[in-house]
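Each remark here refers to the structure printed beneath this line.
None of the figures in this text is laboratory data; all of them are computed from the coordinates on show. Treat the numbers as computed from the prediction; the structure is a model and nothing was measured. Reconstructed Cβ throughout: ideal geometry from the backbone, glycine too, with neighbour counts over all protein chains shown.
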């Protein structure tokens with residue numbers, strides 16, 4: 001385990017620079033929303049094309065194309081979420097789950113060698129990140145009342161000295 005002083009130094013280095021974390025989070029959310037919008041446009045586009053199609057064969061073909069394009073977007077979302085969570089974990093020095101654990105990772109696409117987190121893996125990574133952030137905040141939370149008390153005492157001394 002780390003000493004309180006080491007954790008406090010790390011919090012000051014990483015946690016007290018909220019703009020870096022916020023910028024990364026905003027970039028992630030923007031890219032994520034773009035992919036969701038792309039998914040919505042795809043559904044709307046193929047819904048209209050399927051309605052206009054006359055034969056059942058054409059409708060089935062369009063549904064197949066829609067599914068393949070939909071899964072490509074889903075793959076992009078999975079890769080985006082995995083890279084974001086792994087980046088956050090690396091910043092906080094959290095070890096990544098073992099890639100051999102099939103309940104936490106899956107190969108994306110199959111036989112490509114690239115792995116993405118499963119929903120269970122995403123939940124675990126998020127929980128680990130939240131836990132580490134909580135542990136990093138503890139020294140600040142314990143020192144904050146002391147600092148506020150010290151500032152109050154200094155203000156009281158200044159007031160007494162002036163009067």
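The table for this structure:
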{"quantity": "[x] 47; [y] 24; [z] 41, with the label sought being that of the calculated percent of Cα pairs over 29 Å apart", "calculated": "[x]"}
{"quantity": "Taking 43, 86, 155 and counting other C-beta atoms within 10 Å, the order from fewest to most", "calculated": "155, 43, 86"}
{"quantity": "Sorted by Cβ density within 10 Å, fewest first, the residues 133, 58, 51", "calculated": "51, 58, 133"}
{"quantity": "Segment residue 163-residue 130, extension gain: residue separation times 0.36 nm, minus the distance between their alpha carbons", "calculated": "7.0 nm"}
{"quantity": "Mean ellipticity per residue at 222 nm, deg cm²/dmol - from DSSP H runs of n ≥ 4 across the chain, formula -39500 (n - 2.57)", "calculated": "-27000 deg cm²/dmol"}
{"quantity": "Principal-axis tilt of helix 56-91 within the chain, Cα atoms, nearest 10 degrees", "calculated": "20 degrees"}
{"quantity": "Fewest-first ranking of 33, 106, using other Cβ atoms within 10 Å as the exposure measure", "calculated": "33, 106"}
{"quantity": "Folded to 0 to 90 degrees: helix 18-52 orientation relative to the chain principal axis, Cα", "calculated": "20 degrees"}
{"quantity": "Principal-axis tilt of helix 119-162 within the chain, Cα atoms, nearest 10 degrees", "calculated": "30 degrees"}
